[in-house]
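Okay, structure first, notes after.
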Amino acid sequence: MKTKTILFLIIALLAAGSLAEAKPLSYVGGLMIMQENDETGHTLSLDYTFTPTEAVGLYVKQDENGKDILMLSPEINTLLKRWNLPDGQGNIFNMSGAGIAYWRHNTQPALWTAFLADYESRRWFFSFEPRFVYDGDIEKSVWQRAYIGIAPYLANYNELNTWIMLRVDHHPAKHDHFVATPLLRFFYKTYWLELGYSSDQHIMVNWTVQF
């Protein structure tokens with residue numbers, strides 16, 4: 001499994017060399033790379049947005065802090081509903097994929113789907129995401145994630161935006177079921193970065209690039 005982790009990180013670094021707000025859709029014709037490193041493991045997704053409400057891509061997840069499952073699948077991301085409000089915007093997205101999962105020489109079909117609901121103004125951010133995962137006879141899990149954040153100052157698109165946030169994860173299949181992560185989120189135009197340190201003593205580094 002160490003070899004697979006090393007290969008995963010190499011892929012992520014190559015993606016970074018190809019080098020916002022981290023939503024599962026970009027602009028039409030845009031390519032987006034998202035990479036997460038946190039207490040759950042390492043995630044990489046590459047997505048192409050082909051309509052204002054749909055994107056397709058590739059999803060890779062190397063789980064840690066439990067079973068070291070490697071999942072690989074194509075994915076489709078869909079904007080289900082959007083509210084343009086006087087002071088902000090609300091969205092509901094679905095992200096789904098079907099592929100394979102690998103753990104200890106055992107390869108199984110993998111299915112997953114998630115819903116992301118968020119609201120963002122120039123000052124406040126809230127989101128909630130439940131995710132449902134089926135990895136054959138390896139593992140079946142349901143987990144939840146929520147964010148709350150505030151911008152200490154207001155900035156325009158072509159300026160550095162900073163958010164102070166708290167992320168809370170509930171992962172029943174992991175060794176640490178509940179994890180809280182204070183973090184800083186920065187984004188400048190189409191570059192986005194999160195840095196945090198979780199309650200189970202893991203460093204979190206997440207980034208997104210759109211182009």
Of the residues that sit in the range 104-162 and are open to solvent by less than 40 Å² (accessible area, probe 1.4 Å), of a type in the set (A, V, I, L, M) and closer than 23 Å to residue 66 by Cα, which one is modelled with the lowest pLDDT?
138
Within the range 72-103, can you find the residues that are open to solvent by 80 Å² or more (accessible area, probe 1.4 Å) and aromatic (Phe, Trp, Tyr)?
83
For residue 203: the one exception among (1) of a type in the set (A, V, I, L, M); (2) open to solvent by 40 Å² or more (accessible area, probe 1.4 Å); (3) within 22 Å of residue 24 (Cα to Cα):
(3)
Of all residues in the range 140-191 being farther than 29 Å from residue 108 by Cα and among the basic types (Lys, Arg), the one that is farthest from the chain's Cα centre (by Cα):
189
When the residues of the range 163-191 are narrowed to those that are open to solvent by less than 40 Å² (accessible area, probe 1.4 Å) and more than 19 Å from residue 40 (Cβ to Cβ), which ends up modelled with the highest pLDDT?
163
Counting only residues that are more than 24 Å from residue 205 (Cα to Cα) and touching a Lys or Arg at 6+ places or on another chain (Cβ under 6 Å), give me the strands (runs of 3 or more DSSP E) lying completely in the range 23-114 with at least 3 of them.
88-103
What pairs come out if I take residues in the range 134-146 that are polar (S, T, N, Q) and pair them with residues that are buried (at least 18 other Cβ atoms within 10 Å of the Cβ) and not in a strand (DSSP E or B) whose C-beta lies under 8 Å away, six or more apart or interchain?
141/171; 141/173
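The values are calculated or read from the model by the stated rules, or taken from the named source; none is laboratory data. Because the structure is a prediction, the values reported are computed rather than measured. Heads up, the Cβs are rebuilt from the backbone with ideal geometry, glycines too, and the neighbour counts pull from every protein chain shown. The accessibility values were calculated without ligands, DNA or RNA, using every heavy atom of the protein model including side chains. Shrake-Rupley method; radii C 1.70, N 1.55, O 1.52, S 1.80 Å.
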